[in-house]
Each structure stands twice: as structure tokens, then as C-alpha cells.
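Working notes, structure below.
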Amino acid sequence: MVPAVIEYREISKSFGGIRVLDGIDLTINDGEVTYIIGTSGVGKSVLVKHAVGLLKPDSGRILIDGDDVTDYSEAQWRPVRTRYVLVFQHSTLFDSMTLRENVALPLRKHGGLSRHESYRKARDFLEMVQMADKGDKMPADVGPPERKRVSIARALTLAPECAILDEPTTGLDIIASANVDRMIDHLARVLNKTVIVVSHDLRSIFGVADRIIFLYKGRVRLDGPPEAFRSSDDPVVKQFIRGEPTGPMEM
Amino acid sequence: MVSGGISQARLLPLRLLGLLGETMRAMIKRPPSLARLLDQMHNIGNRSLVFISVTLGFLGLISVYQGSIQAQKVLPDLSMVGATFINVMISEFGPTITALMIATRVGSGIAAELGAMVVTEQVEALKMTNTDPIEFVVVPRFIATVIMMFVMTVYGVLVAVLAGMVIADLRFQVNPSTFLSLGMTGWSDLCVGLIKCFAYGVAIPIIAADAGFHASGGSEGVGQATTRAVVNTLFAVIILDFIIAGGWYLL
């Protein structure tokens, strides 16, 4: 049996009286590429943010590598965040820093490297995502695909065990999306990382995923391999796959 | 809605005290680099210089002109106009008007910057890189505002006194050496002016940062946070002025 790295037990979360997650029970396994999918606002990003302590559940427990982290303080979360990294939906580079400084920041803050040493290592990571020649540019000076690559490089600086990517292909053209897919594949198959991807991109999902978790109305509607998702008889899943504007799915 | 607004208003002082405490803790634990501090001080000075020059300059001109016209009706000569004006500028108008200008220019800037960082998930990204958002964002702005509050007040008082001196000489034939008299200004006036500078310098960045940290909902939320920061900081300056001036009078 594949060991679990993240366990969600009966997780519920509401915002302003609206219940976004409604008793989610879920296990993320080691070494798998897991895609979390669903319509906008269904709570996909909310779910993954719980795994790195950026959100706290209203009820339920979260276990990371078997440890209950639900009530962890910020200080306790720090070592967890070196092993479990999150790449945000909008890349989220720091506007006031160059691309190199952005990548170097976790090396200095988490890794304790000097400024000089962190810059040297940051260059290696920028090279990995073919951005080494643009290290001195500011985030505003490069396009969304390049920002996305730099944010992935920044997340990988600490050699995490698990990378969580929140909508990595949103807003990218088809070529840039394919590059991101290749990077996800590389992370999982070559670097042996556990990868969790929040996505809407069906092309990317069917090309890379080992497992798909479909969220609907704050609960897990379907959990299985891509084949199970594709051949599902569930009318809600079918409507999602076909992208039909009308059907049983309530928006 | 109304009760929600009232409970928020009740919570605000507690929240501000909490943020002030966390800022002090972060400041002692890891003071910002001199380069970052100088950068913030330059930003604050640069943003406010023209604004303060124009405002305090015209305040000096108008106050001395109007004051002298009224004084002429009851006093045989205007030899004490300068001494009185300098006293009022040092103990009251200098710090308070400068603080109102800094609250408008710098407070709004801090709230907008932090608000934008919150809604674009940069604050969460800071946590992911083991960086305390308060240490990284608030502390340099806090120290810089406290220091620049003193610097800009001294500058503002000088501008207002020089402007007043010019109008007193040209319109009322008051000799500049007579105008530039500290005869009515004692140590206690200087002390109350300095206390006000310090109190405003502490209040403005904390109130603005709180508004920025509580921004939500995209660009509209950033706009609302900026407005809230300006209103709250102006309100705080007036209240602090009343408390300090009243307290000093009673002592």
C-alpha cells in the first residue's frame, strides 16, 4: 500500500456563512500526481491551502506524514513548508524584487544561506526553468508563462517532497501549458516528488494525472484514475468533461 | 450590517494594539537592513516633500497674514507675531499638519501596497518562504515613518516660519531678526511637539498597515482599504492631538 502524505479528515470550511468545504475525507498518496478539479469556487484552492497551513479548518483534522498539524502554530508550520511547497495561481512573485531575488528568498529564509550563496544557487534553479538570462529583470518585465516558471523554480529551491501547484496552466497559451505539463511530469517521474495540481485544464489532466479528485458542492464527487473519470456514468462528471453550459450541475 | 460595523469598530483598537505589539517584537528580533530602511525613508520623504512644502508654506503665509491683521486691531506693534507663530508651529501646527499630510500621502501608500500584496496572495507567499509578513513589510515602513515624521516636521516648521517671516517683512515691515524669536517657546513646547511627532509616527503606519492587511476582494477591496486607511489615520491624528495637548495642559 502506498503511504499517505496528506490526510484530510472530515474537513469543513465556511467563508461568510457560505460552506465551501463540507466534510472532505481525502488521502493524498506518496509519489502520485493527483489532480484536484471542479468548477470555479468549489473550494479547490481552499483545500490545498489547508495542507500548508495558510487556512485552518472550521472542523476536522489534517494529518501530514501521520502528524496531526491542524492546530500547528506559524512556527510549527515553517519546517512543514520546506517539505510541502505551494505554487500560487497567479505566480505571486514579489513585485519589489528581481526574479533572482525572488528565487533566492526561500534559500536565505528557510535554508539560512548568505546573500551571495543564495544568488549563486538561485541561478542554478533559474537555469533549470530556462530563465537564467532574465534573473535581473523585475516580475513586471516578463510575461505570465515566465513568471509561472520562476515561481515553480522558487518553490523547488528547498527540494520539497511534495509540490502543490494551484492552476499552473491558467492564462497560458497551449505551448506554455505543454511546457508546464512536462515540468510536472519531470517533477513526478524523474525527481520522484508527490505532485498535487489544482486545474481546470482537461488536456493537461488526461495527459499527466495518476489520479483525479473531482470536487462538487464542497464534497468529493469522484476519486480515481483518469480512466474512471473518463468513463464515469455520473451525469455531473459527464457535463464537466463535455463542458456543457446546461445540465444537472448546479453552479 | 450596522451591528457588524459597530463590532468591527470596537475590535479595531485591539487589533491595532496587537499589530503594534507584533511589529515591536519583529523589530527587536530582526531589525531591517540599513539599505531597506533608507529606501523606505527616501520613499516617504520623496512622496511628502512637495506636498508638505506647499501646505506648510501657505499655512505660514496665511496664518501670519491673518494673525497680523487681527493683532493690529488690538496691539500697538507686531513685534511678538513671530515669537507667537513659532511657538504655535512647534507645539501644535507643525507636527499635526505634517502628520495629516503624511497620513494622506504615506498612509494611503502603505495601505494600497499591502492591500495589493494581500489580494494577489503575496502575503501568503511570504509565509511560504518562511518570511514573517510583519517583519518584511511593516517593520521597515514603521521605523521609517517614525524617523521621517520628525524630519518632515522640522522641515515643515522651517518652511512655514520662513514663509511667515517673508510676509511679515513685506506686508507688515516686521524685521526678520525680530520675527525669528524663540522668546515665547520653552522646553515644554518643544517636548509636546516631539511627543506628538512620535505618537503620529507610530499611529500612521500601524493603522495603514492594518487597513492593508484586511483588504479583500480584488482591486475594489484595495481601494476600500486605502480609503479606510486615510480616514482612520486622519481621525487618529486629530484624537491624539487632543489627548496629548489636553494631557500636557493638565500636567
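Points worth noting:
- Annotation: of all residues in region B:117-140 being of a type in the set (Asp, Glu) and out of contact with any Leu (no Cβ under 7 Å at 6 or more places or on another chain), the one that is farthest from A:PRO79 (Cα to Cα) is B:GLU121.
- Qualifying residue in region B:135-155 (condition: farther than 28 Å from B:PHE51 by Cβ and among the hydroxyl-bearing types (Ser, Thr, Tyr)): no
- Meets criteria (of a type in the set (A, V, I, L, M), surrounded by 19 or more Cβ atoms within 10 Å (Cβ to Cβ) and either outside any strand (DSSP E or B) or modelled with pLDDT under 95 (or both)) for A:VAL2: no
- Pairs, first surrounded by 14 or more Cβ atoms within 10 Å (Cβ to Cβ) in region B:207-232, second among the aromatic types (Phe, Trp, Tyr), C-beta under 9 Å, six or more apart: B:ILE207/B:PHE235; B:ALA209/B:PHE142; B:ALA225/B:PHE213
- Qualifying residue in region B:156-174 (condition: under 17 Å from B:ASP210 (Cβ atoms) and either hydrophobic (A, V, I, L, M, F, W, C) or open to solvent by 30 Å² or more (accessible area, probe 1.4 Å) (or both)): no
- Among residues of region B:7-56 being closer than 22 Å to B:LEU100 by Cβ and among the small types (Gly, Ala, Ser), the one that is most open to solvent (accessible area, probe 1.4 Å) is B:ALA9.
- Conditions (1) at pLDDT 90 or above; (2) closer than 12 Å to A:THR34 by Cα; number of the one not met by A:LEU222: (2)
- Of the numbered criteria (1) buried (at least 21 other Cβ atoms within 10 Å of the Cβ); (2) within 29 Å of A:ARG221 (Cα to Cα), the one A:ASP30 fails is (1).
- If the condition is being over 20 Å from A:ALA163 (Cα atoms) and of a type outside the set (S, T, N, Q), then region A:53-71 contributes A:PRO57, A:ASP58, A:GLY60, A:ARG61, A:ASP71.
- Looking at region A:161-251, the strands (runs of 3 or more DSSP E) lying wholly inside it that each contain 3 or more residues that are more than 23 Å from A:THR92 (Cα to Cα) sit at A:211-216, A:219-224.
- Tally of residues being within 14 Å of chain B (Cβ to nearest Cβ), closer than 13 Å to A:ALA163 by Cα and open to solvent by less than 10 Å² (accessible area, probe 1.4 Å) across region A:33-52: 3
- Among residues of region A:66-118, those that are open to solvent by 50 Å² or more (accessible area, probe 1.4 Å), of a type in the set (A, V, I, L, M) and either in a loop (DSSP other than H, G, I, E, B) or at the interface with chain B (Cβ under 9 Å from one of its Cβ atoms) (or both), counted: 1
- Looking across B:VAL119, B:VAL159, B:VAL154, B:VAL74, one residue alone is within 14 Å of chain A (Cβ to nearest Cβ) and among the aliphatic types (A, V, I, L, M). It is B:VAL119.
- Condition broken by B:MET128, with the remaining ones in (1) open to solvent by less than 10 Å² (accessible area, probe 1.4 Å); (2) within 14 Å of chain A (Cβ to nearest Cβ) satisfied: (1)
The values are calculated or read from the model by the stated rules, or taken from the named source; none is laboratory data. Quantities reported herein were computed from a predicted structural model and do not represent experimental measurements. No Cβ is skipped: glycine too gets one built from the backbone with ideal geometry, and neighbour counts run over all protein chains shown. In case anyone asks, the SASA skips ligands and DNA or RNA and just uses the protein heavy atoms, side chains included. Shrake-Rupley method; radii C 1.70, N 1.55, O 1.52, S 1.80 Å.
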